[in-house]
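Data first, discussion second: the structure below is written as structure tokens.
The values are calculated or read from the model by the stated rules, or taken from the named source; none is laboratory data. Model, not experiment: these values are computed from the prediction. No Cβ is skipped: glycine too gets one built from the backbone with ideal geometry, and neighbour counts run over all protein chains shown.
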Amino acid sequence: MPGLSDYGKKCVDFLFNTLGSKTQEEIESKYGKPFYRYFRKYHKGGHRSRYKYLIYFTMDQVTNEIPLKGKTVLDLGCGFGIRSIILSHYGTEKVAGVDINKERLAGFKLLKKGLNIPVSIRCNSASNLDFKNNAFDIVYCNEFISHIHDLTTTFNEIYRVLKKGGIVFISDENACNILQQLVLYRTYKKYGNQVKEKINEIIQRRICENGYKIRKKVLLKLVQYCMGLCQENILEIVDKVALEKKEPKEVLRNYERKFPYRDPYTGYYHERLFTPAQIAERLKKTGFYSIKRKIPLPYYLRYFGSLLKIKPFHNLLALTVLPKYYVWAIKQ
């Protein structure tokens with residue numbers, strides 16, 4: 001695989017070889033069940049080499065564009081810390097991994113302990129980071145932005161913790177990609193049912209607490225219409241429908257619902273995709289400059305050769321088969 005960095009190769013190979021040689025029971029007993037659910041796609045099966053390449057490919061986009069040696073790095077939305085671990089092997093001075101999911105961070109801590117690497121781990125919300133101003137040279141966000149409910153606050157926090165001249169690097173799924181949208185449609189359908197169950201749980205609890213009487217037909221409408229709202233808003237709507245005897249649709253006119261696949265408890269979205277242009281525009285409004293965008297071609301498309309230099313052909317590929325985008329910018 002051309003162009004892959006040696007540090008990244010060594011670290012990813014170590015993870016695959018060490019964990020790939022263990023059984024499911026061994027991984028679950030040492031790192032927990034959530035870690036195995038995440039890791040199983042790397043662990044067994046025909047997709048293992050493909051997923052391995054995707055980690056190589058993603059990390060090389062970072063290291064090819066940004067000098068990491070001697071830098072302090074914040075890995076925002078680090079999950080189980082696979083990429084935090086890799087970043088620590090590129091000569092960085094310090095890497096801090098931040099995530100709000102405690103289950104994933106528990107697996108990260110166990111993995112970190114086994115590898116003995118200088119990475120700090122913190123459970124923290126991206127909208128209120130527990131770091132001082134100007135703390136990092138680089139903030140790295142991989143497949144994280146698509147889950148954030150308040151991008152404005154998150155980008156302001158990233159700007160705050162970055163040093164002057166610091167770089168934010170964002171990597172995520174490409175909303176331009178038609179194939180990606182088709183794949184997500186199936187995921188959304190499954191996740192939508194989970195969201196409805198949580199909303200129904202919130203509504204039923206409110207009804208029981210206050211002794212409300214709401215007809216079943218109205219209750220079904222409430223569950224459907226409240227998709228995309230957080231728990232606080234749902235409780236307000238239930239109160240208004242029950243006490244003021246208003247129709248759910250009438251009450252919901254005052255509430256903004258941009259994207260239905262949102263966890264009502266945490267407020268986090270399930271894969272709300274953006275285009276590189278949308279992210280670049282938001283970064284510009286936050287105060288970043290020298291914003292660069294890239295939709296790189298995976299190695300398996302490079303045989304198109306000179307055709308790739310034709311802009312309409314490259315745009316066609318971006319709309320159909322290119323899964324990821326990269327946007328990076330500098331703090332003023």
- Message: From the list Ile121, Ile117, exactly one residue is part of a loop (DSSP other than H, G, I, E, B) and among the β-branched types (Val, Ile, Thr). Which is it?
- Response: Ile117
- Read through the list (1) in the same structural domain as Cys141 (by TED's automatic domain parsing); (2) surrounded by fewer than 16 Cβ atoms within 10 Å (Cβ to Cβ); (3) at negative phi, then give the number of the only condition that Ile279 fails. (2)
- Note on the structure: Of the conditions (1) surrounded by 19 or more Cβ atoms within 10 Å (Cβ to Cβ); (2) more than 29 Å from Asn124 (Cα to Cα), the single one that Val161 does not satisfy is (2)
- Note on the structure: Pairing a residue in the stretch 213-228 that is surrounded by 13 or more Cβ atoms within 10 Å (Cβ to Cβ) with any residue that is in a loop (DSSP other than H, G, I, E, B), where Cβ atoms lie under 6 Å and the two sit 6 or more apart in sequence or on different chains, gives Met227/Pro260; Gly228/Arg257; Gly228/Phe259; Gly228/Pro260
- Would you confirm whether any residue within the stretch 157-169 is assigned by TED's automatic domain parsing to the domain that holds Ser84, outside any helix (DSSP H, G or I) and more than 16 Å from Phe288 (Cβ to Cβ)? no
- Task: Go through the residues of the stretch 35-57 one by one and say whether even a single one is at pLDDT 90 or above and surrounded by fewer than 16 Cβ atoms within 10 Å (Cβ to Cβ).
- Result: no
- Query: Which condition number in (1) surrounded by fewer than 18 Cβ atoms within 10 Å (Cβ to Cβ); (2) modelled with pLDDT under 90; (3) closer than 26 Å to Lys71 by Cβ; (4) in contact with a helix residue (DSSP H, G or I) (Cβ under 8 Å, 6 or more places away or on another chain) is the one that Ser171 fails?
  - Reply: (1)
- Note on the structure: Those residues of the stretch 84-114 which are more than 20 Å from Lys71 (Cβ to Cβ) and surrounded by fewer than 19 Cβ atoms within 10 Å (Cβ to Cβ) amount to Ile100, Asn101, Lys102, Glu103, Ala106, Lys109, Leu110, Lys113, Gly114
- What is the residue count in the stretch 149-179 for residues that are closer than 21 Å to Thr58 by Cα and among the β-branched types (Val, Ile, Thr)? 5
- Heads up, the helices (runs of 4 or more DSSP H) in the stretch 208-268 (entirely inside) with at least 1 residues that are assigned by TED's automatic domain parsing to the domain that holds Lys189, closer than 24 Å to Phe144 by Cα and modelled with pLDDT of 90 or more are 231-243
- Message: Show the residue pairs meeting these rules: Cβ distance below 7 Å; 6+ apart or different chains; first residue within the stretch 78-102 and free of Cβ contacts under 8 Å to residues at least 24 places away in the same chain; second residue surrounded by fewer than 24 Cβ atoms within 10 Å (Cβ to Cβ) and part of a strand (DSSP E or B).
- Response: Glu93/Thr72; Lys102/Cys123
